[in-house]
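The values are calculated or read from the model by the stated rules, or taken from the named source; none is laboratory data. A quick note: this is a predicted structure, and the numbers were derived from the prediction, not measured. Don't worry about glycine lacking a Cβ; one is built from the backbone with ideal geometry, like all the others, and counts go over all protein chains shown. SASA here: full protein model, heavy atoms, side chains in, ligands and nucleic acids out. Shrake-Rupley method; radii C 1.70, N 1.55, O 1.52, S 1.80 Å.
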Amino acid sequence: MAPIYAGSKYDAENMTDESMTEQYATGSEPQMDDKHRIGEVMNASTSEFTAQCYRLYDAPEIGNLVICGQDAPMYGIVYEATTQSIDPGRAAIPRGMHADSEADVLHDNPQIERLLCTKFSALVVGYRDGDAIRRYPPLIAPRIFSFVRECYDDELAEFSSSHEFLNLLLTAPISTQD
């Protein structure tokens with residue numbers, strides 16, 4: 001995969017005076033690759049977060065390691081994914097009685113993309129503290145609207161080089177909608 005900054009607004013070749021000023025004035029290190037974002041945090045605590053995907057049905061697989069946040073990146077393991085109506089008072093209704101395929105249902109009803117949303121929940125299993133990874137809950141929750149993406153292979157290898165986070169998984173009081 002491409003390096004984290006490649007093609008993003010923090011890429012040295014694409015860096016503008018405004019983005020340099022923003023980056024260095026805040027003292028923040030850019031950590032999120034714009035091209036690989038899958039959603040944003042909508043609900044958060046120090047133990048878990050829920051993100052809404054930008055695209056319908058685009059949630060990461062259960063068990064995948066994701067990362068959220070730019071200033072203080074946090075790691076989470078996906079434990080649930082849902083697709084539901086954006087409006088909790090309006091349930092989805094069948095639309096494919098006469099359709100030949102599920103793809104036809106979406107094609108014949110383009111509004112579905114605006115009426116439904118896909119979300120996923122992740123258990124927070126650590127965070128980045130400078131160059132070090134801490135494999136225990138952070139002192140603060142991820143920020144609402146933090147960008148979320150799946151971890152790259154090298155990040156997954158680095159995070160899983162220690163099994164300190166396994167206790168969090170084994171003792172997590174996870175309740176799902178099922």
Could we say that residue 89 is more than 18 Å from residue 47 (Cβ to Cβ) and part of a loop (DSSP other than H, G, I, E, B) here?
yes
Output yes when any residue across region 127-143 is among the hydrophobic types (A, V, I, L, M, F, W, C) and touching an Asp or Glu at 6+ places or on another chain (Cβ under 8 Å), and no when none is.
yes
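Results for (1) outside any loop (DSSP other than H, G, I, E, B); (2) open to solvent by 40 Å² or more (accessible area, probe 1.4 Å); (3) out of contact with any helix residue (DSSP H, G or I) (no Cβ under 9 Å at 6 or more places or on another chain); (4) on the phi > 0 side of the Ramachandran plot, shown as yes or no for each residue.
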| residue | (1), (2), (3), (4) |
| --- | --- |
| 127 | yes, yes, yes, no |
| 136 | no, yes, no, no |
| 143 | no, yes, yes, no |
| 149 | yes, no, no, no |
| 162 | no, no, yes, no |
Contact list please: Cβ distance under 6 Å, first residue in region 87-111 and closer than 17 Å to residue 56 by Cα, second residue hydrophobic (A, V, I, L, M, F, W, C) and part of a loop (DSSP other than H, G, I, E, B), pairs at least six apart or on different chains.
105/99
Closer than 20 Å to residue 171 by Cβ, modelled with pLDDT under 95 and in a loop (DSSP other than H, G, I, E, B): is that true of residue 94 in this structure?
no
Restricting attention to region 83-102, the residues that are open to solvent by less than 70 Å² (accessible area, probe 1.4 Å) and either of a type in the set (A, V, I, L, M) or touching a helix residue (DSSP H, G or I) at 6+ places or on another chain (Cβ under 6 Å) (or both) number exactly 2
Residues of region 47-69 that turn out to be open to solvent by 60 Å² or more (accessible area, probe 1.4 Å) and assigned to a loop (DSSP other than H, G, I, E, B), as a count:
5
Scanning for something open to solvent by less than 50 Å² (accessible area, probe 1.4 Å), at pLDDT below 85, closer than 13 Å to residue 147 by Cα and of a type outside the set (D, E, K, R), does region 38-46 turn up at least one residue?
no
So residue 116 clears everything in (1) open to solvent by 50 Å² or more (accessible area, probe 1.4 Å); (2) more than 19 Å from residue 61 (Cβ to Cβ) except one condition, right? Which one?
(1)
Can you confirm whether residue 103 is under 30 Å from residue 155 (Cα atoms) and modelled with pLDDT under 95?
no
